[in-house]
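Written below as structure tokens is the structure these notes are about.
The values are calculated or read from the model by the stated rules, or taken from the named source; none is laboratory data. Because the structure is predicted, anything quoted here is derived from the model rather than measured. Please note: Cβ atoms are built from the backbone with ideal geometry, for glycine as well, and neighbour counts cover all protein chains shown.
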Amino acid sequence: MSEWENLDDSDGEASGFFRDLGAAWTEAILSADLTHEEREQWADQFAAWQAELDDYGVDEAFDAPQTAALDGWDYPPLKRVLQGTITEQGAWDGEPP
């Protein structure tokens, strides 16, 4: 992250990397057996990384992994979906991240 501002992103390719990275982090967080404290630490880290990127127009790159870290597989609407109860909201109580 410390070198992000040194990249020439005039073609948008470098910022696209962060969307791919966010998806990879989301999968990693959901696959790992983390304690509640570890998940909170990762959520804080994703928020910090996202704050660094916000000034460069790379919005929402770390929203999904941050949500995964905070909610994991324990999110009640997600549990309902995984049990076969799917509403119009899908796996979310409100606006999807």
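Kindly check whether there is at least one residue in the range 10-18 that is at pLDDT 90 or above, polar (S, T, N, Q) and either assigned to a loop (DSSP other than H, G, I, E, B) or closer than 23 Å to ASP93 by Cα (or both).
Quick first cut of the range 10-18, residues at pLDDT 90 or above only: none.
Checked against the condition, which is being at pLDDT 90 or above, polar (S, T, N, Q) and either assigned to a loop (DSSP other than H, G, I, E, B) or closer than 23 Å to ASP93 by Cα (or both), the range 10-18 yields no hits at all.
Determine which member of the set ALA64, ALA51, ALA69, ALA47 is free of Cβ contacts under 8 Å to residues at least 60 places away in the same chain, part of a helix (DSSP H, G or I), closer than 17 Å to ARG19 by Cα and in contact with a Lys or Arg (Cβ under 6 Å, 6 or more places away or on another chain).
Details: ALA64 fails: in contact with a Lys or Arg (Cβ under 6 Å, 6 or more places away or on another chain); ALA51 fails: in contact with a Lys or Arg (Cβ under 6 Å, 6 or more places away or on another chain); ALA47 fails: in contact with a Lys or Arg (Cβ under 6 Å, 6 or more places away or on another chain).
Being free of Cβ contacts under 8 Å to residues at least 60 places away in the same chain, part of a helix (DSSP H, G or I), closer than 17 Å to ARG19 by Cα and in contact with a Lys or Arg (Cβ under 6 Å, 6 or more places away or on another chain) holds for just one of ALA64, ALA51, ALA69, ALA47, which is ALA69.
Take the residues in the range 57-97 that are under 14 Å from the mean Cα position of the chain (by Cα) and polar (S, T, N, Q); name whichever of them is nearest to ALA47 (Cα to Cα).
Ranking the qualifying residues of the range 57-97, first place goes to GLN66.
Given the criteria without any contact (Cβ under 8 Å) to a residue 24 or more places away in the chain, surrounded by 11 or more Cβ atoms within 10 Å (Cβ to Cβ) and in contact with a helix residue (DSSP H, G or I) (Cβ under 9 Å, 6 or more places away or on another chain), does LEU82 qualify?
Against the criterion (without any contact (Cβ under 8 Å) to a residue 24 or more places away in the chain, surrounded by 11 or more Cβ atoms within 10 Å (Cβ to Cβ) and in contact with a helix residue (DSSP H, G or I) (Cβ under 9 Å, 6 or more places away or on another chain)), LEU82 qualifies.
Can you tell me which residue within the range 36-53, out of those that are of a type in the set (A, V, I, L, M) and buried (at least 17 other Cβ atoms within 10 Å of the Cβ), is farthest from ALA24 (Cα to Cα)? Walk me through how you get there before you give the answer.
Quick first cut of the range 36-53, residues of a type in the set (A, V, I, L, M) only: 43, 47-48, 51, 53.
Within this subset, residues satisfying the condition of being buried (at least 17 other Cβ atoms within 10 Å of the Cβ) are 43, 53.
Working: ALA43: 15, LEU53: 17 Å.
Here the answer is LEU53.
Looking at this structure, is ALA23 outside any loop (DSSP other than H, G, I, E, B) and either modelled with pLDDT of 95 or more or on the phi < 0 side of the Ramachandran plot (or both)?
On the way: outside any loop (DSSP other than H, G, I, E, B): yes; either modelled with pLDDT of 95 or more or on the phi < 0 side of the Ramachandran plot (or both): yes.
Answer is yes for this residue.
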